[in-house]
1. Here is a check on your reading of the model: is residue 367 among the hydrophobic types (A, V, I, L, M, F, W, C), assigned to a helix (DSSP H, G or I), crowded, with 21+ Cβ neighbours inside 10 Å and out of contact with any Leu (no Cβ under 8 Å at 6 or more places or on another chain)?
2. Could you check region 819-860 and list, in sequence order, the residues that are under 23 Å from residue 113 (Cα atoms) and under 22 Å from the mean Cα position of the chain (by Cα)?
3. Of the residues 137, 80, 96, only one is more than 16 Å from ligand 1 (Cβ to nearest atom) and touching a Gly at 6+ places or on another chain (Cβ under 9 Å); which?
4. Evaluate region 370-387: report whether one residue or more is outside any helix (DSSP H, G or I), within 16 Å of ligand 1 (Cβ to nearest atom), among the hydroxyl-bearing types (Ser, Thr, Tyr) and under 18 Å from the mean Cα position of the chain (by Cα).
5. Which pairs turn up if I take residues in region 584-596 that are farther than 18 Å from residue 633 by Cα and look for partners that are loosely packed, with under 15 Cβ neighbours inside 10 Å and charged (D, E, K, R) with beta carbon separation below 7 Å, at least 6 apart in sequence or on another chain?
6. For region 310-334: of the residues being surrounded by 24 or more Cβ atoms within 10 Å (Cβ to Cβ) and among the β-branched types (Val, Ile, Thr), which is farthest from residue 535 (Cα to Cα)?
7. When you go through (1) farther than 26 Å from residue 412 by Cβ; (2) without any contact (Cβ under 8 Å) to a residue 60 or more places away in the chain; (3) away from ligand 1 (no atom under 11 Å from the Cβ); (4) not polar (S, T, N, Q) one by one for residue 348, which number turns out not to apply?
8. How about region 263-316: which of its residues are in a loop (DSSP other than H, G, I, E, B), small (Gly, Ala, Ser) and either more than 11 Å from ligand 2 (Cβ to nearest atom) or more than 30 Å from residue 108 (Cα to Cα) (or both)?
Amino acid sequence: MKNISPAAVYLKDYTPSDYLIDTVDLEFELGETSTRVKSKLTVRENPASLSSAKKLILNGENVLLKTILLNGKELTKTDFKIQENKLIISAVPAKFELEIHTLIKPQENTSLTGLYQSNGNFCTQCEAHGFSHITYFLDRPDMMACYTTTIIADKEKYPILLSNGNLVASGSLGKDKHWVKWEDPFKKPCYLFALVAGDLERVQDEFITQSGRRVDLHIYVEKGNKHKCEHAMQAVKKAMKWDEDTFGREYDLDIYMIVAVSDFNMGAMENKGLNIFNTKYILASPETATDDDFLHVESVIAHEYCHNWSGNRVTCRDWFQLSLKEGLTIFRDQTFTEDTMSAAVARIHAVNDLRNSQFGEDAGPLAHPVRPESYVEINNFYTATVYNKGAEVIRMIQTLIGKEIFRQGLDLYFSRHDGQAVTIEDFVKAMEESSGISLEQFRLWYSQAGTPVLDIKDEYDPHHKTYYLTIRQSCPATPGQNEKLPFHLPFKIGLLNGSGEEMFETVLQVKKQVEKFKFDNISSFPIPSLLRSFSAPVKLHFSYSDEQLQFLMQHDTDLFNRWEAGTKYWVRVILDLVNDFQVKKKLQLPLGLINVFSALLQQAELDKWLLAEMLTLPSERYLAEQMTIIDVDAIHAVREFVITELANQLKQDFIETYKKNHSLNTYQFNLQEVGRRQLKNRCLDYLVHLDDFTLHEQLALSQFAVALKNNMTDTLSAIKYLTYVDSPLQGKILTQFYAAWKHDPLVVDKWLSLQAISKSPDTLDKVKLLTQHEAFDIKNPNKVYALIGAFARHNPVRFHSAKGEGYLFLTDIVLELNALNPQIAARMVTPLTDWKRYDIHRQGLMQRSLEMILKTKSLSRDVHELVSKSLQ
Ligand code: BES
Ligand code: ZN
């Protein structure tokens, strides 16, 4: 940690390593205060090296060097030096064996990077640079080697000892200890290394691959959680089968292990053969997990499983290529969800994610391209841009060249680069070669930041029965990129006639800044359904009339665009009311809106889950994204007003739909049941906005009482609003909820979040008190996300309270986290970084907080980079 500006790394400076490591033989002796690590490396000069230096430079952080042996001979102090997290060994031969003995302290490791402990068990997190927190190494993803790992530990405390690959030997050591040896036959970069040791329970199953090989499936969890693994195990098998059927990808080891740990910075990690997951993406049971949780478990499992090919077999040359594995794998897991759940709803969720997080990133001080050109701390670049926009870029390639050819391109990419560390350029070339289509201009999606804007106009010539669309594209300036070149993008459209029949569907290729498309034989002025399925990650401007939007909501054959028409309409209505609110005009709902809603509630033929999505108003975040100066108070007040008005006027319809879809059957996770629950709970969201207390009691409270111990989806829906506002029931309900679930950490997270997002005026005080509660632990990332993250990101009205206490509170938390866990500190500071989007008064307060953070001594690289960039 330093407090002068840390140095940046540049993509243009990439050079091959001077040395290669072919094999890595590790031995861990796990102790109660420290762990001894012996690492034996076979090293040789890299024929591709550009330099003639005979120096070997290894990375290492927080590791205590004990001994180095070169070809069996111990090196003396003059043979090497340690300088700024580097071990420099001078005068090494062209080929040699290096043995390094180090000491690390996993028990003191609060950064959760490298080797650390979680609830008494050992585990690792090596992406991006965790391996150099374990031993000195060439910690770069293009350094691919074969690993064997020996683990020695206390038998009783750590009966389970795991690493990558296959178990090849094991035995006892003295009275108390035992050892195991694992061998991974596949070459891998060190970021995919993993080790787990602990007293864990195992759930097992198996999978027979398409070529008939048997794969053992093991899920390890902390004691007492075995009964919550069934859903995860089914998901593993589903993902394995799907990847074979869809992309022809087969699993390659005889065993696939997953370990769920309580303390984890991220969601999950794809270590070869030994994935490590945050418990929240493995453990799921009807009484503790919501529909959303069940869904996430499936998609995160699919994601990490898919990495076995997109990331592990073919990996990244350097970290600038991160989207090569993450964008592609998000695209693959999104496709999995579309294929196995409701396709339209899956697409809606993906687009919501993109708009809620990536659009803001692209419009702010931290905007960067999908392939960044420089970074100070790579952990700051696991962003929505690299992930979600990266996935959209892959999807656009698929749309441009067609699904079948895309599949051929992917096959070519995997076979050509199997076992290699490659670049985004290699991926694009494989797609170009298989399709014969030039992606020259398309590559700009990887290098230019910012969300493009499409301004669209149409004309109809009844005489010649021709219809025209003129598309003008532009892209706002982003840091370091003032001028942008036009993008190449697929623009999927449909043309509907007045009776809702589709006259035409096509994918237009947009390449120029302004382009005019002509459509012949169009018998009447059509209603265009534009950017179907969100075929490109852009903002669209087209002056639809209210009637046209309502028409599309009912008739569009593209289900995503039905929802999208609704979203456009709600945004328009709400933003108009925000204007009224700001000039203190009396708010009134347009009659059209009520009619549209009531018509929607009657659309029985629609998939219920989709209907539930269509009945959901745009999030406060998405609404904020549409405003130049964000007015959090107005957005919140108006959105609540609209919900309450709709509830008042359509009370009977909501009650009827609620009752029709409410069921006391035991919880099942399938399309139909999720659809029913989502729809009725959406109705409940409206109904609880009514002041009618008997109704609350009848519906919400009885749903709460019945579901509390057996259905978390219903429990949370029932109490969300009562804890959201200053209801007299708030205290009682929260106490009851905690009493019922205080033994379950993941449910306690929900309990913390409920309180953090409450709109009661004293929420900040309550959040502060909760940081002292037995349930909170600042060292546990899930708890930090649940309480602090929820408050700062999902409670804009309270976080941005005009006096600025929210900012000061977050500042204190960020500084405390900075010393414990810089990655989490950096994730928590982001709500402050888009300070320029708020009014002058708030800008000043936020800026002051950022400056205070920047002045702090020992500021981590992680926080320093984000704060200094946002102040620029
Ligand atoms: N490789 C990442 C995990 C990771 C991220 C490690 C950042 C180190 C730093 C993993 O594949 C991943 O992307 N996990 C996501 C979940 C996924 C479903 C988007 C995560 O952890 O949030
Ligand atoms: Zn990933």
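The values are calculated or read from the model by the stated rules, or taken from the named source; none is laboratory data. If you're wondering where the values come from, they're calculated on a predicted model, not measured in any experiment. Cβ atoms come from the backbone with ideal geometry, glycine included; neighbour counts cover every protein chain shown.
1. Criteria not met by residue 367.
2. Selection gives 821, 822, 823, 824, 825, 826, 827, 828, 829, 830.
3. 137
4. yes
5. Final answer for the pair search is none.
6. Going through the qualifying residues, I end up with 315.
7. (2)
8. 273, 284, 285, 289, 311
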